[in-house]
Amino acid sequence: MTAATAPAQTTPQQPGRADRKRQSRLFWVLLALPGILWLTLLFIVPFYAVLAIAMGQLDRLFESPIAVWNPLGWSSSNVINVWHDLVGSSSFAGPIVLRTIWYVAVASLVCLVIAYPAAYFVARFAGRRKGLFLILLIAPFWISYMMRMLAWIDLLQTDGYVNKALTSIGIISTPIDWLGGKSFTVILGMVYGYIPYLILVLYAGLDRIDPALIEAGRDLGLNRVRTFIHVTLPLSRQTILTGMLITVLPMIGDYYTNQLMSGSANTSMIGNLIQGQLGTPGLEGQGAVLSMLLLLVLLVPMIYYVVATNRSGREAG
């Protein structure tokens, strides 16, 4: 029998391939196991504890919440009370929610207007001094958030340097009580507190844009402005979305900035409301419900971000 007429022999599958696949899968499972345990202990367990308090009962004698761990015994009384506080005829939390949305929207927009040019300059025009500028951008992280807010309190006091400077140049005649419940001060505090996060995220995204794409736009006859609008800005859209997500989410639940920079009821935000209810006997369950509602609201932009990122990845692929 010649080689031409010999029956074709099929090479059997290597016996160790299936074992290698199982070992590879087991390796990745073991690699993810510490993160899964960490997430379970520090997120899922506390989340269920808050849910048990939110859907639990109230000890009328001691005005303390009673956590109900069995879902079959959950009560909706706290949810009903919170709903009435939000949209009922005697609601007081509704304006606080709207004020929070307004503060966060203005503060995040101001952050973007300031952070994008700064990150663009460092990514495109800093040259050899890029490392120096990055150090200057990261430097605020070396100081605690509380210390930075306390520095602003010293500046904005009635006899602080801001009032002295404005008075000396004739802009104001009498000192202004900046810390007496002004929306401007609260928004300023949030912008100053969270803008470093946005600058770093925007810089990381802008620095990854291929300069050849920008040069291609210039070669096609676009000037600097049109190149930025039609090339750089669309390529940084996902970066802007990431930075805004990182900035907006902690802003919504922030209560410490408002407490330090204002401390007034007419500037209170949803974080201040939750913090106040969690510290008031008999209202801990309602505070837990508000915390859960806030978490559900924050899940919406997070889900949108994941979907948008996957869509952008498929389009890039």
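The values are calculated or read from the model by the stated rules, or taken from the named source; none is laboratory data. Here the structure is a predicted model, which means the values were calculated and not measured. Glycine gets a Cβ as well: all are built from the backbone with ideal geometry, and neighbour counts include every protein chain shown. Heads up: the accessible areas ignore ligands, DNA and RNA and are worked out on the full protein's heavy atoms, side chains in. Shrake-Rupley method; radii C 1.70, N 1.55, O 1.52, S 1.80 Å.
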Open item on the list: Can you confirm whether residue 91 is assigned to a loop (DSSP other than H, G, I, E, B) and in contact with a helix residue (DSSP H, G or I) (Cβ under 6 Å, 6 or more places away or on another chain)?
Closed with: yes
TODO: Please verify whether region 249-257 includes one or more residues that are under 18 Å from residue 201 (Cα atoms), in a helix (DSSP H, G or I), open to solvent by 30 Å² or more (accessible area, probe 1.4 Å) and touching a residue at least 40 places away in the same chain (Cβ under 8 Å).
DONE: yes
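So, residue 150, is that one out of contact with any His (no Cβ under 8 Å at 6 or more places or on another chain), of a type outside the set (Lys, Arg) and within 15 Å of residue 196 (Cα to Cα) or not?
So residue 150 does not fit the description; no.
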Task: Any chance residue 134 is open to solvent by less than 60 Å² (accessible area, probe 1.4 Å), within 23 Å of the chain's Cα centre (by Cα) and among the hydrophobic types (A, V, I, L, M, F, W, C) - done: yes
Task: Considering residues of region 51-61 that are open to solvent by less than 50 Å² (accessible area, probe 1.4 Å) and in a helix (DSSP H, G or I) only, the residue farthest from residue 274 (Cα to Cα) - done: 52
Task: Checking residue 180 against (1) surrounded by fewer than 18 Cβ atoms within 10 Å (Cβ to Cβ); (2) in contact with a helix residue (DSSP H, G or I) (Cβ under 6 Å, 6 or more places away or on another chain), the condition it does not meet - done: (2)
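Which residues, taken from region 290-317, are farther than 18 Å from residue 249 by Cα and part of a helix (DSSP H, G or I)?
310, 311, 312, 313, 314, 315, 316, listed by residue number.
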TODO: Please specify each residue of region 113-166 satisfying the condition of being of a type in the set (S, T, N, Q) and assigned to a helix (DSSP H, G or I).
DONE: 163
Task: Cβ-Cβ under 7 Å pairs, at least 6 apart or on other chains, region 215-233 side under 19 Å from residue 121 (Cβ atoms) and of a type in the set (Val, Ile, Thr), far side open to solvent by 80 Å² or more (accessible area, probe 1.4 Å) and in a helix (DSSP H, G or I) - done: 227/218; 231/213
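Which residues, taken from region 268-296, are among the hydroxyl-bearing types (Ser, Thr, Tyr) and within 21 Å of the chain's Cα centre (by Cα)?
The answer is 268, 291.
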Open item on the list: Kindly evaluate residue 96 against the criterion of being of a type in the set (Val, Ile, Thr), at pLDDT 85 or above and loosely packed, with under 14 Cβ neighbours inside 10 Å.
Closed with: no
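Filter region 184-205 down to the residues that are loosely packed, with under 15 Cβ neighbours inside 10 Å and more than 30 Å from residue 130 (Cα to Cα) and list them by number.
Once the filter is applied, which keeps residues that are loosely packed, with under 15 Cβ neighbours inside 10 Å and more than 30 Å from residue 130 (Cα to Cα), region 184-205 yields only 184.
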